[in-house]
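Single-structure report; data block below.
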Amino acid sequence: MRYAIRASFFDFTSRLDDVTFASQHARYIEDGLLLINQGKIDALFEWENRDQSPKWHDYTFYDLRGKLIMPGFVDTHIHFPQIGMVGSWGEQLLEWLEEYTFPAESEYQDTAFAEQMASTFLDQCLENGTTSALIFGSVHHGATEALFAAADQREMRIIAGKVMMDRFVPEALCEEVSDSYQQTKQLIERWHNKGRLHYALTPRFAPTSTPALLSAVSQLKREYPDVWIQTHLSENPQEIAWVNELFPEHHNYLAVYHHYALTGPKSVFAHCLHLEESEWQCLAETGSSISFCPTSNLFLGSGLFNLRKAHQHKVNIGMGTDIGAGTSFSILRTLSEAYKVQQLQHYSLTVAEAYYHATLGGAVSLSLDDKIGSFMPGKEADFIVIDFAVTPLQTLRQSRCRDIWERLFVLMTLGDERNIRQTWVNGRCAFQRHEMHA
Ligand code: GUN
Ligand code: ZN
């Protein structure tokens, strides 16, 4: 199908080496026309230049004036089997895992349940404007299959993997290294690069991994060098002390992963709150990325992510909701909390930087920026149609904004999934919210 959509448009036209210049790479077209052909971006013009490409007259036309269209959000860290346990009270990381997370993930043993949940989970992503994500599955082969199948059906570009873990977890979730290796291999063979899907090797974190398991992960990365790797790093002080106890031969937490060659341009480390200088350097030197998960970091009381430090070291950052330690699927809400986390450290996150991390910057951190994240011709047509105001407060506040930057800042401060009117995936409208009255 071919579509021509008239609306306002916002994106970033190139990846950034220095995000402090994000606003210079932003493009805002107040009245524009987006052409979509066979799932791809064909062109984006100023409305007044539309007849530079008269073919648009043959396309299905939608007039969405008054709405803002931007690339779909990229969630760089989220857990599929934790959708049912968001908002579990009272604990910090290690106790929270024991008390809530492992029992919740155990339910994904039941593949029929997992199939049902995979649909719910991905529909939540779409409803929140998230079109791509790097996703932790559960330890179960069948549940991970269910997630890939549901994403395939929705034509979403996702990267996901079965969790690998072989110690300090309940027996029902504990694997033999050889099974973990075999099942992961099968999933890679079946799903990696099938349609829009990709595989990520997913060792949960160092404490639940024996050296033998980490060697198996390393082996799989050697066998399939273009797969991604995702794990957790330096989230909580007790966790870090535990890693030091379990791996005394390595001089810090990241050195454990680095020893097994799990760092690199396709590796994404969630959290990274309490890094030593040499860990920052290692992330930078290996081209590894970080997922910044502010709602989770605040909810579990884990700490404050230091964005300034990430910039100094030129480490790529993406935004992560980290459902179920995170408290919302909404990247808008996540940006709002990111701003507050930086305020506490006297760093004023700019609006341009925030939306960069949520879109093209997220795609860069996942090495997907050749395919998604902006409206450059040839990219895949994953985008969201936004209502600036869907509540009386938003309407009032937006009416007092003087320019697009103020409007976008108010959107991320007061906005959430209610502001996502439509979500388009691969050139098709995959979610449509019904009319709301502000
Ligand atoms: N570290 C190891 N597993 C997890 C998890 O499921 N969530 C978070 N936030 N941190 C982890
Ligand atoms: Zn996580």
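The GluC sites (Glu not before Pro) of the range 274-320 that meet both conditions, a loop assignment by DSSP and at most 15 other Cβ atoms within 10 Å of the site Cβ, are Glu276. In the P(r) worked out for the range 317-438, what percent of Cα pairs fall beyond 27 Å? It works out to 19 percent of all Cα pairs. The listed residues Met376, Met85 rank as Met376, Met85 when sorted by accessible area, largest first, using a 1.4 Å probe. The calculated P(r) of the chain, using every Cα pair and 20 Å bins from 0, goes 27, 58, 15, 0 in percent.
Net charge dipole, the range 118-246: roughly 380 debye, given to the nearest 20, about the Cα centre with Cβ charges of +1 for Lys and Arg and -1 for Asp and Glu.
With a cut-off of 9 Å between beta carbons, the residues surrounding Arg2 carry a summed charge of -1, where Lys and Arg count +1 and Asp and Glu -1. Projecting the Cα atoms of Val139, Trp89, Ala118 onto the charge dipole of the range 85-158, computed from C-beta unit charges around the Cα centre, puts Ala118 farthest toward the positive end. Each helix, a run of at least 4 DSSP H residues, gives -39500 (n - 2.57); summed and divided by the residues of the chain, these come to -10000 deg cm²/dmol at 222 nm.
Explain nothing, just the number: relative contact order of the range 101-185, from Cα pairs under 8 Å at least 6 residues apart, as a whole percent.
On the way: 96 pairs, mean separation 25.4, N = 85.
Relative contact order, the range 101-185: 30 percent.
Can you tell me the mean projection area, over all orientations, of the convex hull of the range 153-272's alpha carbons? Units nm², please. Don't skip to the answer; put the middle values down first.
On the way: hull surface 31.3 nm².
Value for the range 153-272: 7.8 nm².
Ordering Ala354, Phe329, Thr60 by the projection of their Cα atoms onto the charge dipole of the chain, which places +1 on the Cβ of Lys and Arg and -1 on the Cβ of Asp and Glu, puts Thr60 at the extreme positive end.
Think of each Lys and Arg Cβ as +1 and each Asp and Glu Cβ as -1; about the Cα centre, that makes the dipole of the range 333-397 roughly 220 debye.
For the range 41-99, the set of GluC sites (Glu not before Pro) satisfying both a DSSP loop assignment and a count of at most 16 other C-beta atoms within 10 Å is given as Glu91.
Using the crude model of +1 on Lys and Arg Cβ and -1 on Asp and Glu Cβ, and no other charge, please compute the dipole size for the chain relative to its Cα centre, in debye to 20.
On the way: 36 positive and 54 negative charges, 293 e Å.
So the magnitude is around 1400 debye.
Considering Cα pairs under 8 angstrom that are at least six residues apart, work out the relative contact order of the chain and quote it in whole percent. Mind showing how you got there, number by number?
Working: 953 pairs, mean separation 87.2, N = 438.
Reported as a whole number, the value is 20 percent.
The values are calculated or read from the model by the stated rules, or taken from the named source; none is laboratory data. Just so it is clear, the structure is predicted and the values come from calculations on it, not from any experiment. Ideal geometry is used to build each Cβ from the backbone, glycine not excepted, and the neighbour counts take in all protein chains shown. Keep in mind that these areas ignore ligands, DNA and RNA; they rest on the heavy atoms of the full protein, side chains included. Shrake-Rupley method; radii C 1.70, N 1.55, O 1.52, S 1.80 Å.
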